[in-house]
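Here is the structure we will look at.
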Amino acid sequence: MKLRYNYIISFAISIIFSGCHLFESTKVPAKEIKAASSWTDKDQGPSFPECETIEDGQQKYLCFESIISNSILDYITDNPLESTEYISEEVSLVLKIDNEGYFSIIEVIRSSAMDNAIPNLEDQLQSAVSVIPKAEPALKTNVGAFVSTKLVLPIMIIAE
């Protein structure tokens, strides 16, 4: 019985040690990860269905940008901003388009003068961005996965 027990223990130990190569981790160099993650011409940026029929990449991007701009402009036209003083300034919206195609604001880059003149500007812009239609998300083609992207949208605000 003791001999059988020793064989079982020896067998179990030999299986454990012979299978250790299965647990070895392979380290991928950071340079390789960066190269695979970098945006290439083969990758597809976010788009709207109405822009998909356009072949020219620059025109396709202008279509995409136009839909975003017009959506925000329509919202602001229907919900005018109120200002405590005259101001004419450009603000920059840093937008995120997530891997499902939904828009959100990462940051609103503006001056303190803009904050003073239109205190609820960021809330209004949040509401404006929330009505942008859902987009087709960006596609990282080398891994076949939808990815989040960000873009900077300048907006000229003139308020009296």
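None of the figures in this text is laboratory data; all of them are computed from the coordinates on show. None of the values given here were measured: they were computed from a predicted structure. As a convention, Cβ positions derive from the backbone with ideal geometry for all residues, glycine included, and neighbour counts pool all protein chains shown.
Of the trypsin sites (Lys or Arg not before Pro) in the stretch 28-68, the ones in a loop by DSSP (not H, G, I, E or B) with at most 13 other beta carbons within 10 Å are K42.
For the stretch 73-151, the relative contact order is 35 percent, taking Cα pairs closer than 8 Å that sit 6 or more residues apart in sequence and dividing their mean separation by the residue count.
Here r is the Cβ-Cβ distance between T141 and E85 and R0 is 41 Å; the resulting FRET efficiency, rounded to 0.05, is 0.25.
Distance between the modelled labels on N70 and S111, one decimal in nanometres: 3.2 nm (7 Å Cα→Cβ projection).
Loop-located trypsin sites (Lys or Arg not before Pro) across the stretch 131-160 with a Cβ neighbour count of 13 or fewer within 10 Å are K134, with loop assigned by DSSP.
When the C-alpha to C-alpha distance is required to be over 29 Å, the pairs from K27/K134; K31/K60; K31/K134; K27/K60; K31/K96 that qualify are K27/K134; K31/K60; K31/K134; K27/K60.
Start at zero, step by 10 Å, and the Cα-Cα distances of the stretch 53-102 spread as 17, 40, 30, 11, 2 percent across the bins. Among the GluC sites (Glu not before Pro) in the stretch 34-121, those placed in a DSSP loop whose Cβ has at most 15 other Cβ atoms within 10 Å are E52, E55, E82, E85, E100. Looking at the square roots a ≥ b ≥ c of the eigenvalues of the Cα gyration tensor of the stretch 24-160, which shape do they give, rounded for a/c under 1.5, prolate if a/b is larger than b/c, or oblate? Prolate.
Identify the residues of the stretch 120-160 with backbone N under 17 Å of a label point that sits 7 angstrom from the Cα of D43 along the Cα-to-Cβ direction, or state none. Under cut-off, by backbone N: 136-152.
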